[in-house]
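Contents: one structure, followed by commentary.
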């Protein structure tokens, strides 16, 4: 079997890419994409552990996360649509009305 | 009636309240209300005086006013208060009657009679008080009325300014008076006159810890400070001439006959508290005041200011007399002065009423037009100048005798003053009443009977009160003192001759210069230009005080205000501004971008991890 | 074993590559498509990990629903003139 | 159980609710209701006074029940000879303030009157609380309505002033809170867990090994800081002129008449009655503090142009007398201090009322914009003259007695200091008389030709009430002094005096 750590390393890399995306991009939809990637990285971890520890609860968690991620994506995208209608942009850098 | 003496100030007080509250209902009749109540008080006063003449003195213990020891306000009727009661209520009564005519038709007549009733009530309260604090309260109320009455025609800027000046200058004296009260209360624990006098000897030697003075010296000097303010003594005399901005009746009543006597009265009342050291100060202040005021009276051209300066001079005389131990002499002069000075003022008021001018140079030859005014004024001037047989002579003579026995310098000052007094008052008289008629005098006519009748009564008093001397006035009045004052030596006959001579000389000088015009007064003015300028400018004391008030005090307060705004408030606002500045920098961290916050979280987590790892590695 | 290793490495390359492309591509539509690729790769990885059910859900929910949702959102928020909003 | 003192707190609270509700329907009725409530509260306080005269001991404390058991917080109310005059002053002055608002406040009245009533509850509570925690609660409760009164109904710079007032006095409150907590926490080891002032005072007096002099003095300084901010003592005073100038007239009246008194009251209640040893040790510094306020305030007054600002600074000067009186540690001084609080609580509201009328009737409060007012505005003019004379300490009016007593007491304790302070007698007269001369005497300022004086009944009534009390207390101060003396004698005994 492939050592567990390979999966973990892959997961860290995907998570890192996702995090990098969340932190650097100014496009709100892309931010959401980054978040999805991070969640996927977590999923990889869960599933890998569940396989290696022979414990099904990891898969259960992953199921939950997928559900959650879908809901979150729906709500987040709806929000961005609403913001776009109100402000004409989805650039998070310009959404400053709550600043200070 | 001794027991009912407390009624005396109460009647005018009721009059005050009635006029204040209901006066608008009977506008022109306010005067009669005031006079009616004053008549009641006059009757009680006279009955009280009769009681005292009959040898009864005393008073009532009164009521407790502040619940601490020594604040029982009652009455104290002795020879001194009887004397004052007589002078104040009688002169007050006459001036009230005179006011009916003088103030007729003035729109502020309700206010006038209300204020003057309050004044007479406080003045009467002042003289019968048995407690130093109550005296002070009346003293202040009297000052308040003086303030309001000087500023009676308050729309005139000069009147408003004179009222302010009077209040503030006397307030300086009042401050000293109040401090005197504090000192006395701190050591004696009471302010009741009798108790103070009883225990005074105990404290004659006790040091007060201030400038090495004994308690009594300190307290008496502070009390005298009050007297200096109220009785317009040097150096606080500057308010009195300006006070002539008020109605002439006010000048006569308050600034000649009664209130300005309060200072002298206070010294007489607290006589047992004075020590030799403080007497010396009192005498010299009195002497200086008498002299410089007489000099100023010589050069003034305002009909009322001449009399005002002569009042200051006379008050200086009284103070001088008290200072050298001439208790009876000073009070005798106080009594006679009340009459002839009120007379002079009312005569001046009558002349102003006739001529509608205040400048004596615009008058002249009024004797024919206003005979009653003129001749009564002559009586007053005669009495003031101190020639026999009018009252001024007898009382002034007593003072001169007392001074001659004590101090040659003071005696010389008193003599010069006597000469100057005779000169300036006859200069005043001759310029107004004799000589050629001026344009304004030509239209003058005699004043109504309400004004001339009081003049006549006052003239009678001014003429004959001096003879009280032969009815044992002096022996009678000194009974007010707890112990006999030291006997006064002095060469009676010599002083008497000298004083007659000096007064005659003074009148003669005035006659030559101002009636005959044999020598022009211009001559003196020209040859003594610097001196004349100096005196006409009142020794530049007003300038000095104004500079002190406007430059030093106002400047200092302006600085304080700036300090308050810039430093004290500035620090507070500065702290606020500092926080704003700091937050302006700090708030840049709060970009509002979730990514920045997430980066910060990531950074923090990384640092934490690195630290933990390092710890592990190092351990 | 070798096959597994090869499959894992291939999938890793696909996942990492498309993930990177999600973040790096200038056109957001491409990003969305690469995202679908990445999700598909993860689904394959799940099969490799013997979680077939999850792989199915992953494909249906992620590659199917979420990416389509995103494409709609991109379409709706896209401005006419610019390449990407 | 609802005792008579609780009624004093409940009446305004219920009144506030009722006034708010009635205000939705009929504003006029709400106003009259507020006046009625205030008047009833006043009557209640008079009733308390009547009973207090018969059995003074029963009122201290009068109502007591445990509130938060674990922390030892209790709801303890009581009045004595020092707080009762102030309670009566509060109820009286609130009545006057409400009456004077009748014509003065013209917008958002529905919120205004309930706020006043809540303020009244707070102030009364401060004067009656015998529990440190309760005291602090009421102390802070006062801040909030006042903040809104200034911030909503104030002048052009109202926001600045309101915020300054709030933050500035709050800093003082925090210092005070620290002092209170220090007393509370330090006394726990002795076996009492309570905020009750009477118990704590006993603990402080009997356990010198815990409350050693240094600690007592430290606590005193902290607590005094809170009171000094409120009073206010120089140099913690700068919130006051701004707050006064911007506050609406009735709020100014309450601010000067009542809120400043909370500081003076606190110094006696907590400073003198709980920490007497510390007060004794720091008395001279306290006296210097008082003198500084007296003289500094007076001099700054002399340079003021705005009459309301002048009155504000004169309040600082007059409140200095309270500190000086307390610092003199003798019965005259303490009687004088309390008397000064009551007297200033009557005189300064009158002055503020008049300055409000000036702005309303003559369009300005600035001295150069006025002149010769008395002729055209006789009521405003003469009442202003009266109020100024009362404030400068004219005998026969209440201010004189207060200052006299303070000076008499202070002279016995600090002769030289008092001698120096006496200058203020002249300076105070100078700024008032000078102001009167420039603004009220002399020829009428042509600018004023177009103005007329119409005095509303509510304004005349407010003036009349204050004038009557000022004269009454000035002519015959004995009843009030008797009342104060019932407690001040005990205070002086605590302070080791005769």
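Between residue B:202 and residue B:46, full extension at 0.36 nm per residue minus the direct alpha carbon distance yields a gain of 52.5 nm. Using a basic spin-label model with each label point 7 Å from the Cα along Cα→Cβ, how many nm lie between residue B:368 and residue B:602? Roughly 12.0 nm, to one decimal.
Order these by the 10 Å Cβ neighbour count, fewest first: A:30, B:469, B:613. Mind dumping the intermediate values first?
Values: A:30 26, B:469 19, B:613 10.
Starting with the residue having the fewest Cβ neighbours, the order is B:613, B:469, A:30.
Classify the stretch B:1-84 as rounded, prolate or oblate, taking a ≥ b ≥ c as the square roots of the eigenvalues of its Cα gyration tensor: rounded when a/c is under 1.5, otherwise prolate if a/b is larger than b/c and oblate if not. Because a/c hits 1.5 or more and a/b fails to exceed b/c, the stretch B:1-84 counts as oblate.
The calculated pair-distance distribution of the stretch A:4-90 uses every alpha carbon pair, bins of 5 angstrom beginning at 0, and gives 3, 16, 19, 20, 17, 11, 7, 4, 2, 1, 0 percent. Report, to the nearest 10°, how far helix D:457-475 tilts away from the longest principal axis of the Cα atoms in chain D, using its own Cα long axis and a range of 0 to 90°. Around 50 degrees separate the two axes. Here the peptides B:119-125, B:281-287 are ranked by packing, the mean other Cβ count within 10 Å, and the order with the highest first is B:119-125, B:281-287.
What is the stretch A:1-65's relative contact order, in percent, from Cα pairs under 8 angstrom and six or more apart in sequence? Walk me through the numbers before you get to the answer.
Details: 65 pairs, mean separation 20.8, N = 65.
With pairs under 8 Å counted, the relative contact order is 32 percent.
Rounded to the nearest 0.05, the FRET efficiency derived from the C-beta distance between residue D:170 and residue B:409 at R0 = 60 Å is 0.30. Placing dummy labels 7 Å off each Cα toward the beta-carbon, the span from residue D:464 to residue B:14 is 2.4 nm. Straightening the chain between residue B:29 and residue B:500 buys 164.8 nm, computed as 0.36 nm per residue apart minus the Cα-Cα spacing. Sorting B:141-149, B:261-269, C:17-25 by their mean Cβ neighbour count within 10 Å, with the most densely packed peptide first, gives B:261-269, B:141-149, C:17-25.
Reported to two decimal places, what Rg/Rh ratio describes the stretch B:46-86 when computed on Cα atoms with Rh from the Kirkwood expression? Rounded to two decimals, Rg/Rh equals 1.11. Ranked by the mean number of other Cβ atoms within 10 Å of their residues, highest first, the peptides D:77-90, D:294-307, B:505-518 come out as D:77-90, D:294-307, B:505-518. Across chain B, the relative contact order, built from alpha-carbon pairs under 8 Å that are at least six residues apart, equals 12 percent.
Nearest 0.05, what FRET efficiency do residue B:550 and residue B:587 give at R0 = 60 Å with Cβ-Cβ as r?
Working: r = 50 Å, r/R0 = 0.84.
E between residue B:550 and residue B:587, to the nearest 0.05, is 0.75.
Need one value for D:238-245: mean number of C-beta atoms belonging to other chains within 10 Å of its residues' C-beta atoms.
Working: counts 9, 2, 0, 3, 3, 0, 0, 0.
Taking the mean over all residues of the peptide, I get 2.
Normalised by the number of residues in the stretch B:117-191, what is the relative contact order in percent for Cα pairs under 8 Å and 6+ residues apart?
Working: 57 pairs, mean separation 19.1, N = 75.
Computed value for the stretch B:117-191: 25 percent relative contact order.
Shielding value for B:161-169 is 4, the average number of Cβ atoms from other chains within 10 Å of each residue's Cβ.
Residues of the stretch D:34-60 with an amide N closer than 14 Å to a point placed 7 Å from the Cα of residue D:489 along the Cα-to-Cβ direction: D:56-57.
Given R0 = 60 Å, the distance between the Cβ atoms of residue B:301 and residue B:22 translates into a calculated FRET efficiency of 0.90. Taking a ≥ b ≥ c as the square roots of the eigenvalues of the Cα gyration tensor, the protein assembly as shown is classed as prolate, since a/c reaches at least 1.5 and a/b is larger than b/c.
The long axis of helix D:27-54 is offset from the longest Cα principal axis of chain D by roughly 40 degrees. With a simple spin-label model that places each label point 7 Å from the Cα along the Cα-to-Cβ direction, the separation between residue A:20 and residue D:70 comes to 5.3 nm.
Taking 2.2 N^0.38 Å as the expected size of a compact globular protein, what ratio does the Cα radius of gyration of chain D give against it, to two decimals?
Values: Rg = 21.6 Å, N = 498, 2.2 N^0.38 = 23.3 Å.
Its radius of gyration relative to the 2.2 N^0.38 Å reference: 0.93.
The mean count of C-beta atoms from other chains within 10 Å of the C-beta of residues in C:5-13, rounded to a whole number, is 2. Relative to the dominant Cα principal axis of chain D, helix D:378-391 is inclined by about 30°.
Which length gain, in nm to one decimal place, applies between residue D:13 and residue D:423 when the Cα-Cα distance is subtracted from 0.36 nm times their residue separation?
Numbers: separation 410, 0.36 × 410 = 147.60 nm, distance 4.52 nm.
Taking 0.36 nm per residue and subtracting the Cα distance, the gain is 143.1 nm.
Only the coordinates and a few stated rules stand behind these numbers; no lab work does. Nothing here was measured: the structure is a model prediction, and the numbers come from that model. Cβ coordinates were reconstructed from backbone atoms using ideal geometry, including for glycine residues, and neighbour counts include every protein chain displayed.
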